[in-house]
Amino acid sequence: MSDLPLSIVNNRRLDKWLRFQPDRTVKLAVGKVEIGQGVLIALSQIAAEELDVALDRIDILSGDTEDAPDEGSTSSSQSIEVSGRSVRLVSAELRARVLGRLAQRLNCAPEDLTVDDGAFLQGGNPTGYDYWNFAGPEDFAADIEGAAAPKPPSAYRIVGQPVPRRDLVAKVSGAAFIHDMTFPGMLHARVLRQPSYGARLVSLDEAAVRRAAKAAIEVVRVGDFVAFVGAEETAVQRAAAAAPAHAAWTGVRTLTPAMQDASWFQTQPSDDRHLGDATPPAETGAIVSRTYARPFVAHAALGPSCGLAVFRDGHLSVWSHTQGVYPLRNSLADILGLKRDQVTVRHAHGAGCYGHNGADDAALDAAVIAMRKPDTVIRVQWRREEEFGFEPVSTAHMTRIRAALDEAGRPTDWTVEVWAGSHVQRPVFGGNMLAHEALPDPPPPSKANDPTEANGGGGTRNAFPLYDFPAKRVIHHLALATPVRTSSLRGLGALPNVYALECFMDELAERAGADPVSYRMSLLSDPRARRLIENVSNRCGWASRGPVGSGRGLGLAWSRYKNKAAYACVAVELEVDKDVVLRRVWCAADAGLVINPDGARNQLEGGIVHAASMTLKEQVSFGGNGISSLDWSTYPILTFSEVPEIETVIMHNPDMPTLGMGECTFGPTAAAIGNAVYHALGVRVREMPLTRDRIAAAMS
């Protein structure tokens, strides 16, 4: 089968994915990991459906370099779209292989056999055989061909049903996160960070640090990597908090406030690309151009990054809330001079992520210390100031759109120009981890990198409009360097690009004297997108929305994530007085076949809350030597009391392929808020976040 998903192409053996266990459960091993999106219960539903076993028989293992397949990183809304399809094909093939052998033994056709919770029936009668007493090594010792036909959606009993996640009880009781893991004799550690890449430690007053610790600690130093280790966590915490004041560095970079704005990238060297239609020789009609921007933003995980490691008998074992256990294993082995089979990485749940935060860095911190203290489990947990100050952040991003319009105000030519830093700097893509930069023989500076268009793009993600414009192009200026370390955060460039595109569409509609929804529909032929816009506009009472400038606003926006994943349309009702207050949100999404509607709804609404927080509040600030927004007061996020009422509809489309939906509401929510603020005030705010000061500046 030539179109096997990449997860199967890279993991062809059946026994890498499934096995039947003596306790009459089914071990399902997957490479995608749980980072809050509910993917593990959905993958379990797919396997249970295709194998015809009860869902509670599925014992799922995820993210383990010894016992699970290598599925790369859990990112880009591909867990169900790629891994889910892989699990479906693998499970269907195993079922077909076992039934085929049983049919030979019973001298019947495979079609005469059915499966009921793992037991095999012939003509509705028990055969005395089941998966656990009949399946043998010969069923697993084969490459996956993808030839077995999965069930049609009409036969589903488990897929498509709302099923609660299994991990939530432990998570609300304080027993499910990596931060909760303990081992006998475990030592705690904290790290003194280099202020910037290339900084070198001149001196450290260890005596002063030990006094601040107020208990016994050990100082572990390897090059410019310094860690404080001890049995008492509060002692190493006090040591790490005090250490920066007692350390002297050379080669520290200097940052200026201007660097924190996306416009700074316009003055910097860049790798420039022209995508799409050629530039026309001459533009006719009216030309309209607008520029929109989003600043650097943080992951702002509620739980700071954490990693555990032990080096025993020449083998390094690591626990991490990384998004990719295999890429992390490979990086650890390369950095520490080990063979890859000398390193095992196992995933443990973290408290918030949705992108490349400090998880991999914390794992390397723990591994470096563990290599120097064999046979002892080392636990590194970052401090809150460290999480905000040193995790990779999402790059600032500027989008300028230029449209040539016909006499009716409809675009005839469309150009999007993007300035941004790297949206992906994972180690597997050439990025550096902090401890590696501090060790002897540090790596060279990271090179600018972004995903290809085939993989959804980075700075260009959702930059191409899906409207029916005659000609459209994107010019991408990828900055060769950024003032601080950047990498992936939910949606990459989709949020700032959709914000720009959908706000600009509202501006063009007003210029043409047209209703914003009607204007969009006149330029849009995609039936799935039209259906969503019609659904949301009807539910939110769009036809009766009030005039511009009343203080109450209603805005709408839509997109298809990566222009190939799930569709979403969002409308936002808000009020603006001193601040923007969200009142209600309406959402409709189309992701094809939805495995777990409850999990899907959580993903859609979680994306809405996250995007609202980013649009209204979030901005990384720079000080002289680095990031200065180091706590929740200097980096505020949306609070529980500020979350609006959200009404979500998921379109029933089971005969269509499953589409990734973890990030599809992100951009539309931001743009709907931007449009609603304009409707409330009559003033367009084109630079996020839409804070009180920024709105006041726009009004003046």
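The values are calculated or read from the model by the stated rules, or taken from the named source; none is laboratory data. All values derive from a computational prediction rather than experimental measurement. Cβ sites come from the backbone with ideal geometry, for glycine too, and all protein chains shown count toward neighbours. Areas reflect the complete protein model, heavy atoms only, side chains present, ligands, DNA and RNA absent. Shrake-Rupley method; radii C 1.70, N 1.55, O 1.52, S 1.80 Å.
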*Does the range 254-300 hold any residues that are surrounded by 16 or more Cβ atoms within 10 Å (Cβ to Cβ) and hydroxyl-bearing (S, T, Y), and which are they?*
S270, T291, Y292
_Being touching a Ser or Thr at 6+ places or on another chain (Cβ under 7 Å) and touching a residue at least 24 places away in the same chain (Cβ under 8 Å) narrows it down to one residue among D139, D70, D59, D143; which is it?_
D59
*Pick out the one residue from A471, A420, A448, A408 that is open to solvent by 40 Å² or more (accessible area, probe 1.4 Å) and either touching a residue at least 24 places away in the same chain (Cβ under 8 Å) or farther than 22 Å from A396 by Cα (or both).*
A408
*Among the residues of the range 388-399, which ones are in contact with a helix residue (DSSP H, G or I) (Cβ under 8 Å, 6 or more places away or on another chain) and open to solvent by 10 Å² or more (accessible area, probe 1.4 Å)?*
F390, M398
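Go over the candidates A300, A286 one by one and state the one that is of a type outside the set (S, T, Y), closer than 22 Å to L489 by Cβ, touching an Asp or Glu at 6+ places or on another chain (Cβ under 9 Å) and touching a residue at least 12 places away in the same chain (Cβ under 8 Å).
A300
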*Selection from the range 324-347 of residues that are in contact (Cβ under 8 Å) with a residue 40 or more places away in the chain, within 17 Å of G72 (Cα to Cα) and open to solvent by 10 Å² or more (accessible area, probe 1.4 Å)*: Y326, P327, R329, N330, S331, R346, H347
*Output yes when any residue across the range 174-192 is within 31 Å of the chain's Cα centre (by Cα), closer than 30 Å to D450 by Cβ and basic (K, R), and no when none is.*
no
*Selection within the range 33-42 - assigned to a loop (DSSP other than H, G, I, E, B) and either open to solvent by 10 Å² or more (accessible area, probe 1.4 Å) or in contact with a Lys or Arg (Cβ under 6 Å, 6 or more places away or on another chain) (or both)*: I35, G36, Q37, G38
_When you scan the range 426-445, do you find a residue that is without any contact (Cβ under 8 Å) to a residue 40 or more places away in the chain, in a helix (DSSP H, G or I) and surrounded by fewer than 24 Cβ atoms within 10 Å (Cβ to Cβ), even just one?_
yes
*Which pairs do you get when a residue that is among the polar types (S, T, N, Q), found in the range 570-589, comes within reach of a residue that is loosely packed, with under 15 Cβ neighbours inside 10 Å, reach meaning Cβ atoms under 6 angstrom, with the pair 6+ apart or on two chains?*
none
*Tell me which residues, restricted to the range 495-516, are surrounded by 22 or more Cβ atoms within 10 Å (Cβ to Cβ) and free of Cβ contacts under 8 Å to residues at least 60 places away in the same chain.*
M505
*Restricting attention to the range 38-56, and to residues there that are more than 26 Å from the chain's Cα centre (by Cα) and hydrophobic (A, V, I, L, M, F, W, C), which single residue is nearest to A96 (Cα to Cα)?*
L51
*Taking the range 302-343 on its own, how many of its residues are in contact with a Lys or Arg (Cβ under 9 Å, 6 or more places away or on another chain), more than 25 Å from G185 (Cβ to Cβ) and part of a loop (DSSP other than H, G, I, E, B)?*
2
*Tell me, which residue of the range 519-553 that is open to solvent by less than 70 Å² (accessible area, probe 1.4 Å) and among the small types (G, A, S) is nearest to V683 (Cα to Cα)?*
G549
*Select from the range 215-253 the residues that are basic (K, R) and either surrounded by 16 or more Cβ atoms within 10 Å (Cβ to Cβ) or modelled with pLDDT of 95 or more (or both) and list them in ascending order.*
R221, R238
_Can you report the number of residues in the range 645-678 which are part of a helix (DSSP H, G or I) and open to solvent by 10 Å² or more (accessible area, probe 1.4 Å)?_
1
*Can you confirm whether the range 314-324 contains a residue that is in contact with a Phe, Trp or Tyr (Cβ under 9 Å, 6 or more places away or on another chain), closer than 26 Å to F183 by Cα and of a type in the set (S, T, Y)?*
yes
*One residue from W586, W632 being outside any helix (DSSP H, G or I), touching a strand residue (DSSP E or B) at 6+ places or on another chain (Cβ under 6 Å), under 30 Å from A680 (Cα atoms) and at pLDDT 95 or above*: W586
*asked:* Taking the criterion of being of a type outside the set (F, W, Y), assigned to a helix (DSSP H, G or I) and either surrounded by fewer than 24 Cβ atoms within 10 Å (Cβ to Cβ) or at negative phi (or both), would at least one residue in the range 485-494 satisfy it?
replied: yes
*Counting residues that are out of contact with any Lys or Arg (no Cβ under 7 Å at 6 or more places or on another chain), open to solvent by less than 30 Å² (accessible area, probe 1.4 Å) and under 29 Å from V318 (Cα atoms), which helices (runs of 4 or more DSSP H) fully inside the range 43-150 reach at least 2?*
85-106
_Any hit, the range 301-314, residues being open to solvent by less than 50 Å² (accessible area, probe 1.4 Å), closer than 30 Å to D406 by Cα and at pLDDT 95 or above_ = no
_Quick check on the range 4-22. Is at least one of its residues closer than 24 Å to P451 by Cβ, out of contact with any Lys or Arg (no Cβ under 6 Å at 6 or more places or on another chain), open to solvent by less than 10 Å² (accessible area, probe 1.4 Å) and at pLDDT 95 or above?_
no
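Results for (1) more than 30 Å from A454 (Cα to Cα); (2) aliphatic (A, V, I, L, M); (3) touching a Pro at 6+ places or on another chain (Cβ under 6 Å); (4) at pLDDT below 95, shown as yes or no for each residue.
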{"site": "Q78", "(1), (2), (3), (4)": "no, no, no, yes"}
{"site": "R88", "(1), (2), (3), (4)": "no, no, yes, no"}
{"site": "A92", "(1), (2), (3), (4)": "no, yes, yes, no"}
{"site": "A135", "(1), (2), (3), (4)": "yes, yes, no, yes"}
_Test result for A176, buried (at least 16 other Cβ atoms within 10 Å of the Cβ) and at pLDDT 95 or above_ = no
